[in-house]
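Novice: Next up is a structure, given as structure tokens.
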Amino acid sequence: MAFELPKLPYSHDALVPFISEETIDFHYGKHHQAYVNNLNGLIPGTEYENAGLEEMIRKADGGIFNNAAQIWNHTFYFEALSKDARKIPIGPLAEEISHSFGSFESFKDQFSKSAATLFGSGWVWLVKKEEGFLQIIQESNAGNPLRNGLQPVLTC
């Protein structure tokens, strides 16, 4: 199965002034595309030739895992962005954040601290644990919570 770069749900300049068109062009058009190209070059003739990204994230190692996870991670990230985004969540997500962190402000402080203290490259994830609570975790490089059976809610 050949993978393709998923289409963005907005134009490359839609997030200005928060994220520049040049940043989107680089991280989406070049960086994200490179992971797609790399994975497509790695999987032919392997047990993952017809697998989906989530299966590769859960089972593969090395370059196949790294590129599959980075495609998934970047897609999740880019699809979470919106030119019409809310400043704070509402509904069930807001309730879960308040239940798990005490308040949205507390969550925001903890999430920002996790992002600022992540050494090197990687991702900070808000995940939903089996018990229903939300948790903030740090993952290095291509790390993805799916590998540990956690459900991603948000990332940066």
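Novice: Hey, does segment 140-155 have a residue that's touching a residue at least 24 places away in the same chain (Cβ under 8 Å) and in a helix (DSSP H, G or I)?
Specialist: Within segment 140-155, one or more residues are touching a residue at least 24 places away in the same chain (Cβ under 8 Å) and in a helix (DSSP H, G or I).
Novice: Does segment 5-26 hold any residues that are free of Cβ contacts under 8 Å to residues at least 60 places away in the same chain and either hydrophobic (A, V, I, L, M, F, W, C) or farther than 20 Å from Ala85 by Cα (or both), and which are they?
Specialist: Leu5, Val16, Phe18, Glu22, Ile24, Asp25, Phe26
Novice: Any residue in segment 99-124 that's closer than 23 Å to Asn73 by Cα: show its pairings with residues that are part of a helix (DSSP H, G or I) at Cβ separation under 7 Å, as long as the two are six or more apart or on different chains.
Specialist: Phe107/Ile97; Phe107/Phe101; Gln110/Phe101; Trp123/Asn73; Val124/Phe111; Val124/Ser114; Val124/Ala115
Novice: Next question, about the same structure. Name the residue that is farthest from Thr75 (Cα to Cα), counting only residues in segment 9-61 that are among the small types (Gly, Ala, Ser) and part of a loop (DSSP other than H, G, I, E, B).
Specialist: Only one residue fits best here, namely Gly45.
Novice: So, one more: Let me confirm something: among Asn37, Asn50, Asn66, which residue is without any contact (Cβ under 8 Å) to a residue 12 or more places away in the chain, of a type outside the set (Asp, Glu) and open to solvent by 60 Å² or more (accessible area, probe 1.4 Å)?
Specialist: Just a single option satisfies the conditions, and that option is Asn37.
Novice: Can you confirm whether segment 77-94 contains a residue that is open to solvent by less than 50 Å² (accessible area, probe 1.4 Å) and farther than 25 Å from Asn148 by Cα?
Specialist: yes
Novice: Identify all residues within segment 105-137 that are surrounded by 13 or more Cβ atoms within 10 Å (Cβ to Cβ) and over 21 Å from Leu93 (Cβ atoms); write none if there are none.
Specialist: Selection gives Leu118, Gly122.
Novice: Is it the case, given these coordinates, that Leu126 is aliphatic (A, V, I, L, M), modelled with pLDDT of 95 or more and over 20 Å from Phe18 (Cα atoms)?
Specialist: yes
Novice: Looking at (1) of a type outside the set (Phe, Trp, Tyr); (2) modelled with pLDDT under 95; (3) under 26 Å from Thr23 (Cβ atoms), which is the one condition that is false for Leu53?
Specialist: With respect to (1) of a type outside the set (Phe, Trp, Tyr); (2) modelled with pLDDT under 95; (3) under 26 Å from Thr23 (Cβ atoms), Leu53 is out only on (2).
The values are calculated or read from the model by the stated rules, or taken from the named source; none is laboratory data. Note that the coordinates shown come from a computational prediction; the quantities given were computed from them, not determined experimentally. Cβ coordinates were reconstructed from backbone atoms using ideal geometry, including for glycine residues, and neighbour counts include every protein chain displayed. Areas reflect the complete protein model, heavy atoms only, side chains present, ligands, DNA and RNA absent. Shrake-Rupley method; radii C 1.70, N 1.55, O 1.52, S 1.80 Å.
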